[in-house]
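The structure appears below as structure tokens.
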Amino acid sequence: MINSKTEKAFAITKERMKKMIAIVDKVRCSGCGDCMMVCPVDAITMALGKAEVDPDECIGCGACVDECRRGAISMRD
Ligand code: SF4
Ligand code: SF4
């Protein structure tokens, strides 16, 4: 059962995660699309052969950072 403390902790965690978003270095990005495949909320699209993150959709999970073999994605506040 979820109590109010758990709910509060969840809300705080969600808020903290929300502050971090993925940023793509367009010079390093090869446009392979691997990051797009792992994003759980479909926040990444391809534009002119480069990955693009929708900051309103990104939940800051970091999955795309781990997936990118070119080190083209980093997390920012
Ligand atoms: S995984 Fe990296 S190189 Fe591939 S499209 Fe995404 S950002 Fe670009
Ligand atoms: S950090 Fe997570 S939610 Fe944000 S673009 Fe990367 S995979 Fe998607």
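Values computed for the structure shown
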{"read-out": "From 52, 57, residue being under 13 Å from the mean Cα position of the chain (by Cα), near ligand 2 (Cβ under 8 Å from one of its atoms) and among the acidic types (Asp, Glu)", "value": "57"}
{"read-out": "Among the candidates 18, 26, residue that is surrounded by fewer than 16 Cβ atoms within 10 Å (Cβ to Cβ) and at pLDDT below 95", "value": "18"}
{"read-out": "Conditions (1) in contact with a strand residue (DSSP E or B) (Cβ under 7 Å, 6 or more places away or on another chain); (2) surrounded by 12 or more Cβ atoms within 10 Å (Cβ to Cβ): number failed by residue 76", "value": "(2)"}
{"read-out": "Residues that are of a type outside the set (Asp, Glu) and either more than 14 Å from ligand 1 (Cβ to nearest atom) or more than 8 Å from the chain's Cα centre (by Cα) (or both), drawn from the stretch 60-77", "value": "60, 61, 68, 69, 70, 71, 72, 73, 74, 76"}
{"read-out": "Within the chain, strands (runs of 3 or more DSSP E) holding 1 or more residues that are in contact (Cβ under 8 Å) with a residue 24 or more places away in the chain", "value": "21-24, 50-53, 73-76"}
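The values are calculated or read from the model by the stated rules, or taken from the named source; none is laboratory data. Since the model is a prediction, treat every value here as computed from it, not as a measurement. Positions of Cβ are generated from backbone atoms using ideal geometry, with glycine treated the same way; all protein chains shown enter the neighbour counts.
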